[in-house]
Every structure is written in structure tokens, then in C-alpha cells.
Amino acid sequence: FKGGDTCEYLLSSGRFLGEKVWQPHSCMMHKYKNSEAKNCLVDKHIVFIGDSRIRQLFYSFIKLINPQVKEEGNKHGNIPFEDKSASIKVDFLWYPEVNGSMRQRIKSWTEGSVAKPHIIVAGAATWSIKIHNGSNEGLTQYKINITSIAPLLEKLAKSSDVYWVLQDPVYEDMLSESRKMITNEKIDAYNEAAVRILNSSSRNSKTKVKVFSVSKLIAQETIMKSADGLHLPESSRDTNAMILMNVYCNKIMKPIDGSCCQPQPPLTLIQKLAFCFFILSIIGYVIINLIHRNNYRKNKSCTDLESGEEKKPTISTPNVSTLEMLLHSFCKLGLIMTYFYLCDRANLFMKENKFYTHSSFFIPIVYILVLGVFYTENTKETKVLNREQTDEWKGWMQLVILIYHISGASTFLPVYMHIRVLVAAYLFQTGYGHFSYFWIKGDFGVYRVCQVLFRLNFLVVVLCIVMDRPYQFYYFVPLVTVWFMIIYATLATWPQIVQKKANGNCLWHFGLLLKLIFLLTCIYFLSYSQGAFEKIFSFWPLSKCFELNGNVYEWWFRWKLDRYVVFHGMLFAFIYLALQKHQMISEGKGDPLFSNRVSNVLLFISIASFLTYSIWASSCKNKTECNELHPSVSVVQILAFILIRNIPGYVRSVYSSFFAWFGKISLELFICQYHIWLAADTKGVLVLIPGYPMFNVLVSTFIFVCVAHEISQITNDLAQIVVPKDNSTLLKRLLCVAGFFSGLLLFSAMQDQSRH
């Protein structure tokens, strides 16, 4: 660990991912849009001073502000640029040599009467080499001249950002005869002199001239594509300009995916209280443990010397046991949350940008599929979508989604469309599972609702507090929570129609269908009425849960994207349970679901439908248009998969225990990946072991899976304590939870006020 100065890494080291994507060492670089660049540089004056290479960098920089700029004007003269809408002024000053003229211009900025530029980018050497024909006298003069301007640049660095751009290597074979004396050996000598002389008298890091040496590394990889052997190709210049923008703007704009040069965010009041709570839990658990050990020693079984009988130790009371389990759970959770914070909020571990290649996505997919098939076992029951099968389904989907996220495959549209179906399939299972439970059990009690809500939301609420993120940031949990409440409201409202009641009178089936039709109508209306949807979720305190970046648009978009699939899951459960009740399907071990003829026809239709959807998704050209069709057509592939998986008796009778194990912790895996497997809130990749990408993924994945499994156990343990079956005790707990969230809202309001 070399320290947290990622600016130094950004300016001096990195590597190419592929041909054009530059990856700084240890941190992530944000790709600035024109609007973001303008917001950062508003009312700023930037000066580029130097030779033709600096002029190239100047043009690439101003194109980040205005892409329409053309490289026109006197090549050997000053070039002004101004964006009046944002009051940004950028000047290029032609000083191809480090000499008295350059010194005089820099000195003028140090005098009180002249306004100092906010950013100064300087650099020159190739003209000196050319004019002095590569002689040692020229290098000696360069050292004298740079020594004279170094104190002036250091003085400017106290109030401005000053960058000295080192000279890029040249491609000697392509240089014209008039430039043959500009060799890489000479350039290295001039760069070495500049680095040694600059900041030689400065002891304070804040007043140092920042040496922009990363362009040398970029040039080493790309100078062969140069048009004349001296000047960089456009893509390399653009990378240098983007690095310059990140160095200056990241600390101002604080982009999530721009971790370079960003200071560690200060702890909020809620975070401080959370850490105090976890510390107290750890202290409490240690004290209780010590007390128990002391009592155990006192009451330890020992042989009475007189009677020869063994004394039995006293048994601890249940209350102490419950308290110990509670403190033990919070103790473990506190240590885990510390790891979360260190990974994604403290500048302790490195973060890198994602880079997609087909091999980085498809090779791991093939690998886990082979593993999944290897761990095949017989199911305990052979019903359609039995527990083991749904766990398996969740497991392989979650693993595919994880690989999709870490590989950055969202940039490849066919993969994106198939992943959207997997997310829809999760919601389909939500509709299927909860409808089946309420329909068969008829249990609409508060205990069931609280258990489900606690298990879904516990981890996310803790992360919102510890990681200082809004609830909507973890969009999938709000999605399944709201859909669970919609399913509950649909079935629990009068008249409550359950299977037991419907078996007595077939008319109740029609009543349930009317409820489902009403639900579908409401979904349809809200999906095409953004205003009504936003009004519903903009009311306080709902707005605190569903707002992201000050509005609920993201929540509306997420909800709309899979708006029908939960309804499809409920409808499928209703039809399946009706067929099962009337013994129209065969679910015996090894038996096909229907008669051989019907099974074969349905299997053929399912395979054809599955492949047709995949072909359509793979030929998708426009993400917006495909997202519009997705809510209506995603159910085709989901139903096709269910039928392919369940119609053949043998296939229905086996499952992958490997996938099922991951399926049991799929929710924890989905949420934990945000901070301890990926980084910068999923925008990048966490680097625990720099320099060894494969080994890093293995280690971070192992820790990530272990943590997700541990959190799943903690959630289950706490659910038994926090959500008791006794109604009176449960009511008291609910009042405590209401008080907790009221306090959370109060502290959140205080935080918002202090930020503003």
C-alpha cells in the first residue's frame, strides 16, 4: 500500500485495456461529457503554453467542452478559445522553447496586477533539440532556462494547478530529415533534467508543479500510428486530455466512476452513529462472552471428593442466550460492514474500470455451466418448480448476472437483452411464489408479511446507513418489496379468495380472475401515466425511499421495464395449481408432464419460442426500442424455459446442487456485489491484488461469496429474534421499528440541511 494519492498514479502510470481504453494504476477514470466539463470549468481560465505537441493537447481539451471546434488558426501563433455560455476561457500560447520569452510570460502571472490562470499546462523541448542540432550545449542551455522558470512555476502552484508535460517519445523511422536529430535518447535526457529541476526547492506537496508523465506511457504504445513520427495520433491526445480533465474535475464533480483524485468522503452523522452501535455490540458481546466463560469455569463439572458424585453446571437462561445471539449477529455484521466501507468508501483498496471482451464473459459462463452439470443430484420431490429447482434457477441466473456485471457486458446489446430476461425471471418467481403461498395457505397474517419484508430489506437498510446510499440505489430490493406488497394487497383485500374457499364454489375462481384483471388494468394505466406514478411515489416519506438524484424517474424506469412479469407469474401459478388440482398433469418421478403427444408438441413449441426470442434479442439494434418491447415478450422465454425444464420427467427429477447452493443466497450475492466485488457502486472492479487480474478475481470472489453466505445466516438469525410469532410482542417490535425509521428520517433531514 503506497498511500491514497491516486492523482499521482493518474499522472504517472497506467496501461491500455485493449487498444483504446486507458486504465490508470489503482483508480478509475471518468469519461466526461461536454455538459459535465462545462459545469466543472465554469468561470475558469486555462492556459496551454508550449510547442506543437502542447497545441495538440489544447485542441483535444477544448473539444471536451465543444466537440464542434476545428483545428484552425496560425500553427505558430497564439490561439484563443472562449465558451461564453459557461464563461470558460482557454488559451494556447506559442512558446516552442523554454527560454527568456517563456520565462517573461510566466513571470507576468506571478505579479499582482495580472489575473492568474486557474490551470497552466506547459511543456517544450523538441524545438530546442532541433535548433541546437541535438548538441550537448542545447541540453545545458535547457537546464539553465528551466532552472530559471522553476521557482516561478512553483510560486504559481500555490494558487493555481500547474502541470509540466514531459516530452513523448518519437518514432524515429518516420521522422523527416529536418527532425532526425530528435532522438528518444535526447528526449529522455531533456525529460530527466526537467524532472530533477522542477520542485527541487519545494518541500510542500501542495505547492509542487505536477509532472504529467503519463503521456510518455501512452505514446510508447501508440506513436507507431503517428502521421509524422513526432505528433501523437488523435486517440492518444484525447486520452491525455481526458486524464487532465479527471485530475482537475474529479474532486469538484465527484463522479461515481471517477475514483482518481477524489478525496475520501467525510463520515455522515448516521454513519458515525452506526459505527458506534457496532462497536458497542462488539464490546457487549465480548463482555457477555467473558461472563459466560467465568461462570462456566465456576460451575464446571467436577468430582465431589466426599460423595464421589458429579456436580452439573447451571444452565444459562433463554433471555441471556437470545441477547448473546443478537450481539453475536451484530458483532459479525459490524466486522463485515467495516470491510464493506474499506472496500468502497475508504481509499484503501484499488479500483479499476471494467473492460468488456467476449471471452471475459462467455468463458466463465461455460465454466460455471460445466460445474453446475457436474453437481447433479435427484430432487426430493418432482413437482413443477419445486424448491430445489427454483433455488437452482435462481443460482445459475445469479452467477450469470454476476459475470455480466464484472465483465462490463452491458455494452454488448444481445447479452444485455438476455440478462434483462433473467431479472424478469426473478420477478416472475416473486409473483409465482408469493401467489402460491397465499392461495394455498390463506395466511395473510402480519407475521408472514414482516418476515418477508425483514428478509428482503435488512441488508439493504444496513448498507444505506453504512455506505450512505439511498434505498432506491439498490433498485432490485425496492422492486421485489413493492411487488410483494402489491400481491399481498391484491389477495388480502375483500373478498379474500383462497384455494380452500374456491374449491367449494367455482365462482370464486372468476372472482379471483376479476381481481387479477383489475391489477393488470392498474399496471397498464401507471405504465403509460408517468405523472400519476411519480405523484404517488413523490409523497413524503415514500419519496425518501424511491428518489434517486432528486427524482423518482429511475424508479419509474425500473418498475416499467418489468411491469407485467409479476402478473404473469401470478397467472401462471393460478393456472398451474388449477391443473394440478384437477389432476390434468402428471408429476410422478420420470413421468412426462402431459401425455407423450402433448408433451412432444409443447416441448417443440417451447424450444422454438426460446430460440426465436434469442434470435430477436441478438439482432436487437436499439436498446430503447427493445426495452419498450421487453415487458410484453420476456414472458415467452421464461415460460419456454419452465416447460423445457419440467415437461421431460427425467429433467424434472434432477437438479444442480451447485447452482441451488448459490440460489439460497442469491439476494445477498446481488446486493453485496455492489461494494465488495465490484467497486465505485458497481461502476468498476475491486482490486485487492494489483498486477494479477485472475488471482485478484479468485481472491475477491472467495471473500465476496463467504460474506454473502454469512450475511444470509445473520439475516435468518435476526429474523427469528426481531420478528417473533407472538402478536403482542410483534406489535411492540413494530413500534420500535417505526421509532427507528422516524429517527433515521430525522437524522437524514439534518444531514441534508447541513450539506445544503
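The values are calculated or read from the model by the stated rules, or taken from the named source; none is laboratory data. Every value quoted in this text rests on a predicted model; they were computed, and no experiment measured them. Heads up, the Cβs are rebuilt from the backbone with ideal geometry, glycines too, and the neighbour counts pull from every protein chain shown. Just so you know, the surface numbers come from the protein's heavy atoms only, side chains and all, with ligands and any DNA or RNA stripped out. Shrake-Rupley method; radii C 1.70, N 1.55, O 1.52, S 1.80 Å.
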For Phe362 the rounded accessible area (nearest 10 Å², probe 1.4 Å, non-protein molecules ignored) is 90 Å²
The helix 446-466 Cα axis meets the longest alpha-carbon principal axis of the chain at an angle in degrees, between 0 and 90 and rounded to 10, of 10 degrees
One computes Rg over Rh for segment 100-151 from alpha-carbon atoms, with the Kirkwood Rh, and obtains 1.06
Quotient of Cα radius of gyration and Kirkwood radius for segment 391-511, i.e. Rg/Rh, equals 1.06
In whole angstrom, the spacing between the Cα centers of segment 564-621 and segment 233-293 equals 47 Å
Expressed in angstrom and ordered largest first, the alpha-carbon extents of segment 336-387 along the principal axes are 51, 32, 18
Unit-weight point scatterers at every alpha-carbon of segment 349-723, Debye formula, q = 0.07, 0.09, 0.11, 0.12 1/Å: log10 I(q)/I(0) is -0.33, -0.55, -0.85, -1.04
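Add -39500 (n - 2.57) for each DSSP H run of 4 or more in the chain, then divide by its residues: what number comes out at 222 nm, to the nearest 500 deg cm²/dmol?
Values: 29 runs with 467 residues, N = 756.
About -20500 deg cm²/dmol.
Using a 1.4 angstrom probe on heavy atoms only, work out the carbon and sulfur share of the accessible area of the chain in %.
Working: 22560 of 37180 Å².
Answer for the chain is 61 percent, counting heavy atoms of protein chains only.
Determine the percent antiparallel among the DSSP beta bridges restricted to the chain, to the nearest 5. List each step's numbers first, then the result.
Details: 20 of 38 bridges.
In the chain, DSSP labels about 55 percent of beta bridges as antiparallel.
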Semi-axes of the chain from the Cα gyration tensor (sqrt of 5 times each eigenvalue, largest first, whole Å) come to 59, 34, 26
If unit charges are put on Cβ atoms (+1 for Lys and Arg, -1 for Asp and Glu) and the dipole of the chain is taken about its Cα centre, the option from Asn505, Leu290, Ala274 lying farthest towards the positive end turns out to be Asn505
Rounded to whole Å², per residue accessible area for the chain with a 1.4 Å probe reads 49 Å²
If N is the residue count of segment 504-597, its Cα Rg over 2.2 N^0.38 Å rounds to 1.58
Treating every alpha carbon of segment 604-756 as one equal point scatterer without solvent, the Debye formula yields log10 I(q)/I(0) values at q = 0.12, 0.15, 0.19, 0.21 Å⁻¹ of -1.02, -1.17, -1.14, -1.17
Given 261-271, 472-482, 661-671, the highest-first ranking by average Cβ count within 10 Å works out to 661-671, 472-482, 261-271
Using alpha carbon centers only, segment 481-521 is separated from segment 436-476 by a whole-angstrom value of 22 Å
In degrees, nearest 10, the alpha-carbon axis of helix 318-344 is tilted away from the dominant principal axis of the alpha carbons of the chain by 30 degrees
Ordering 645-656, 77-88 by per-residue average of other C-beta atoms within 10 angstrom, highest first, gives 645-656, 77-88
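Under a 1.4 angstrom probe, counting protein chains only, how are Phe574, Phe594 ranked by accessible area, largest first?
Numbers: Phe574 20, Phe594 50 Å².
Result of the area sort, largest leading: Phe594, Phe574.
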Over segment 6-253, the quotient of the Cα radius of gyration and 2.2 N^0.38 Å is 0.96
Tilt, helix 565-581 to longest principal axis of the chain (alpha-carbon atoms), in degrees rounded to tens, equals 20 degrees
Using alpha carbon centers only, segment 68-133 is separated from segment 146-175 by a whole-angstrom value of 12 Å
